[in-house]
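Working notes, beginning with the structure itself.
The values are calculated or read from the model by the stated rules, or taken from the named source; none is laboratory data. For clarity, every value in this text was computed on a predicted model and none was experimentally measured. Using ideal geometry, Cβ is built from the backbone for each residue, glycine included, and neighbour counts are taken over all protein chains shown. With ligands, DNA and RNA removed, areas are computed over all heavy atoms of the protein, side chains included. Shrake-Rupley method; radii C 1.70, N 1.55, O 1.52, S 1.80 Å.
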Amino acid sequence: MKTPGLLKDLQQAVGTAHVLTRDSADLSAYETDWRKRHTGRALAVVRPGNTEEVAQVVRLCAQAGASLVPQGGNTGLVVGSVPDTLGRQVVLNSTRMNQVLALDAANLTLTVQAGCALQAAQNAAEQAGLLLPLSLAAEGSCTVGGNLATNAGGTQVLRFGNARELCLGLEVVTPQGEVWNGLSGLRKDNTGYDLRHLYIGSEGTLGVITAATLKLYPQPVAQLTAWAAVPSLQAAVDLLGLAQRHLGAGLSGFELMGQFALGLVDKHFPALRVPLWQTQPHCVLLENSDNESEAHARERFETLLEIALAQGCATDAVVAESLAQSRNLWHIRESISMAQAEEGLNIKHDISLPVSRIPDFCAETDALLARTLPGVRLVNFGHLGDGNLHYNVQAPQGVDPKQFLGQHETAINALVFDAVARFNGSISAEHGIGSLKAHTLPHYKSPVALALMRSIKQALDPQNIMNPGRVLAQNTD
Ligand SMILES: Cc1cc2nc3c(=O)[nH]c(=O)nc-3n(C[C@H](O)[C@H](O)[C@H](O)COP(=O)(O)OP(=O)(O)OC[C@H]3O[C@@H](n4cnc5c(N)ncnc54)[C@H](O)[C@@H]3O)c2cc1C
């Protein structure tokens with residue numbers, strides 16, 4: 001690889017100020033993943049300003065044989081957006097490409113550049129009185145391109161689907177540096193293979209997403225939040241069914257939080273005042289979006305909760321009285337990850353299961369973990385409405401977390417993922433595979449599916465320059 005020549009060419013393509021190297025800048029924010037589990041070494045960080053510049057960067061890297069790591073907000077949780085340690089990869093950071101390109105209110109679509117922060121896209125929709133219903137705790141920093149590359153989920157999947165369901169069109173730079181403009185705002189377009197779906201969830205391994213057209217919805221007239229204590233996981237599943245029957249499409253969120261997870265929020269962020277967490281093993285947060293009126297929403301919510309209390313699937317419940325209270329309840333839910341980080345390193349499992357099997361999965365796996373590693377603490381929470389648990393394992397009280405992870409992480413992952421497989425679940429619900437799980441995937445994915453994935457990668461990126469070793473590990477099989 002001709003490094004000096006490539007760096008000069010990249011500077012010419014995007015401007016010297018937008019090619020960051022170790023000599024000219026501190027690259028640590030681009031080289032270290034969000035959870036600080038991996039620090040790589042980039043040849044350079046390139047920050048193109050538009051699609052044509054992205055295409056030029058990709059062509060130059062392809063000619064020089066340098067691989068590329070697409071990067072948005074670098075909030076991904078599976079080590080997919082930072083370079084390896086060899087110092088030869090170019091990080092292609094999209095955050096200069098942050099413009100809202102078009103909002104079509106009649107078509108209910110928003111078109112943005114890939115580096116647009118999710119929150120900025122949400123704000124653009126809101127200013128037009130519309131809703132972009134993709135919401136996650138990282139929304140201030142993550143980008144729409146990153147959301148689509150990881151097929152992000154978040155808190156409203158139950159009602160509106162994953163990022164995939166919210167995307168109508170994409171613009172992509174291929175590994176050969178060509179631009180595919182598929183920025184369609186069409187809801188119906190059966191003209192052959194749907195390339196959009198190939199790139200969504202591909203984690204930067206098939207091309208660089210440079211822009212996207214997203215679906216918008218009318219803003220609900222009222223959005224109410226309730227918080228309920230539930231006596232068991234089965235009761236939480238029963239409450240979910242009850243809420244689906246009573247609220248129909250109005251049910252836009254159903255989050256589960258285990259007692260230990262809420263206890264960590266109470267311990268590390270006492271000002272948040274976590275309600276009802278001490279009496280029952282779990283709490284749930286429900287959101288009801290209503291297109292009629294706040295009074296209508298409240299009445300339906302209160303009826304639902306009365307039935308739930310009478311049937312015993314909830315033992316206590318509160319409905320937020322104001323927007324501020326509602327935001328606080330969501331803030332508690334979204335603070336679990338931070339509280340967990342404050343408590344120390346932990347082993348994260350972002351898994352999905354058929355909702356009906358979650359109680360049995362947890363009973364069996366909790367017991368297995370307790371028998372195998374007495375004293376381990378489970379931070380169990382997640383998007384129960386989507387069958388998605390963040391089933392995280394924390395070291396026993398008083399045990400050094402780093403040492404614990406070093407000794408037990410591989411065995412704990414195998415124990416949890418084997419259980420997930422027995423219950424017909426997935427080892428990655430919404431965070432993706434990245435490099436963190438690339439070597440684990442072949443144990444749990446069908447060989448036929450893996451072979452098809454490799455064929456697609458080979459067909460689209462025969463030079464293997466786009467995020468190599470992510471999703472599909474190198475030198476396996
Ligand atoms: C506090 C917190 C909460 C989170 N909550 C959720 C949640 O509820 N649901 C959920 O699904 N995820 C969640 N995440 C993780 C989630 O995957 C990311 O937040 C987000 O989707 C990634 O966007 P990003 O711009 O930061 O991408 P990055 O982290 O920069 O990149 C992620 C992956 O996408 C690729 N990529 C990035 N941009 C592009 C592009 N333009 N073209 C091609 N490939 C690209 C990268 O190569 C990498 O493989 C959370 C993360 C944090 C830190």
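Residue separation times 0.36 nm, minus the C-alpha to C-alpha distance between residue 191 and residue 356: what's the value?
Numbers: separation 165, 0.36 × 165 = 59.40 nm, distance 3.70 nm.
Gain on extension, residue 191 to residue 356, equals 55.7 nm.
Give me the number: length gained by fully extending residue 271 to residue 452, i.e. 0.36 nm times residue separation minus the C-alpha to C-alpha distance, one decimal in nm.
Working it through step by step, the gained length comes to 60.1 nm.
Using a ≥ b ≥ c from the Cα gyration tensor of the stretch 128-169 (square roots of the eigenvalues), is it rounded, prolate or oblate, where a/c under 1.5 gives rounded and otherwise the larger of a/b and b/c decides, a/b for prolate? Each step should come with its number before you reach the end.
On the way: a/c = 1.23, a/b = 1.12, b/c = 1.09.
Cα axes put the stretch 128-169 in the rounded bin.
Taking N as the number of residues in the stretch 384-477, what value does Rg over Cα atoms divided by 2.2 N^0.38 Å take? Don't skip to the answer; put the middle values down first.
Working: Rg = 15.9 Å, N = 94, 2.2 N^0.38 = 12.4 Å.
The stretch 384-477 yields a ratio of 1.28.
Quick check: Cα centre of the stretch 39-56 to Cα centre of the stretch 446-477, how many Å?
23
What is the ratio of the Cα radius of gyration of the chain to 2.2 N^0.38 Å, where N is its residue count, to two decimals?
1.00
How much length would be gained if the chain were fully extended between residue 26 and residue 306, taking 0.36 nm per residue of separation minus their Cα-Cα distance, in nm to one decimal?
Details: separation 280, 0.36 × 280 = 100.80 nm, distance 5.69 nm.
Once the chain is fully extended between residue 26 and residue 306, it gains 95.1 nm.
Starting from the alpha-carbon convex hull of the stretch 182-303, give the projected area averaged over all orientations, in nm². Write down the numbers at each step before the final one.
Numbers: hull surface 47.7 nm².
Averaged projected hull area, Cα only: 11.9 nm².
Helix 401-422 against the longest principal axis of the chain: what's the angle in degrees, Cα atoms only, rounded to the nearest 10?
80
How large is ³J(HN,Hα) for each residue in the stretch 158-167, as worked out from phi by the Karplus curve 6.51 cos²θ - 1.76 cosθ + 1.60 (θ = phi - 60°), to whole Hz, x for Gly and Pro?
Going residue by residue, I get 3, 9, 10, x, 6, 3, 3, 5, 9, 10 Hz, with x marking Gly and Pro.
Just to confirm the filter: which trypsin sites (Lys or Arg not before Pro) across the stretch 232-292 are DSSP coil and have at most 11 other Cβ within 10 angstrom of their Cβ?
Answer in residue order: 273.
Using the Karplus curve 6.51 cos²θ - 1.76 cosθ + 1.60 with θ = phi - 60°, what ³J(HN,Hα) values do you get for each residue of the stretch 226-232, in whole Hz, with x for Gly and Pro?
Computed from phi, the couplings for the stretch 226-232 are 10, 9, 10, 8, 10, x, 6 Hz.
Which number do you get for Rg(Cα) / (2.2 N^0.38 Å) in the stretch 226-279?
Working: Rg = 12.9 Å, N = 54, 2.2 N^0.38 = 10.0 Å.
Rounded to two decimals, the normalised Rg is 1.29.
Measure of size requested: the Rg and Dmax of the stretch 12-154, with Cα atoms as the atom set and Å as the unit; please supply both.
When restricted to the Cα atoms of the stretch 12-154, Rg and Dmax are 15.9, 50 Å.
Please report how far the C-alpha centroid of the stretch 75-137 lies from that of the stretch 328-393, rounded to the nearest whole angstrom.
The two parts, judged by their Cα centres, are 28 Å apart.
With every protein chain present, what is the per residue accessible area of the stretch 196-329 (1.4 Å probe, Å²)? Working shown, then result.
Working: 5360 Å² over 134 residues.
Accessible surface, normalised per residue, equals 40 Å².
May I ask for the angle, rounded to the nearest 10°, between helix 233-247 and the longest principal axis of the chain, with both axes built from Cα atoms and the value confined to 0 to 90°?
Around 90 degrees separate the two axes.
How about the stretch 178-267: which chymotrypsin sites (Phe, Trp or Tyr not before Pro) there lie in a loop by DSSP and see at most 11 other Cβ atoms within 10 Å?
Numbers: sites: 180, 193, 199, 227, 254, 260; in loops: 193.
Taking the stretch 178-267 and a limit of 11 other Cβ atoms within 10 Å, the loop chymotrypsin sites (Phe, Trp or Tyr not before Pro) found are 193.
Give me the log10 of I(q) over I(0) for the stretch 249-288 at q = 0.17, 0.36 Å⁻¹, as the Debye formula computes it from C-alpha points; what are the numbers?
Here the Debye-derived log intensity ratios amount to -0.48, -1.16.
Mind pulling the angle between the C-alpha long axis of helix 294-311 and the longest principal axis of the chain? Nearest 10 degrees, somewhere in 0 to 90.
60
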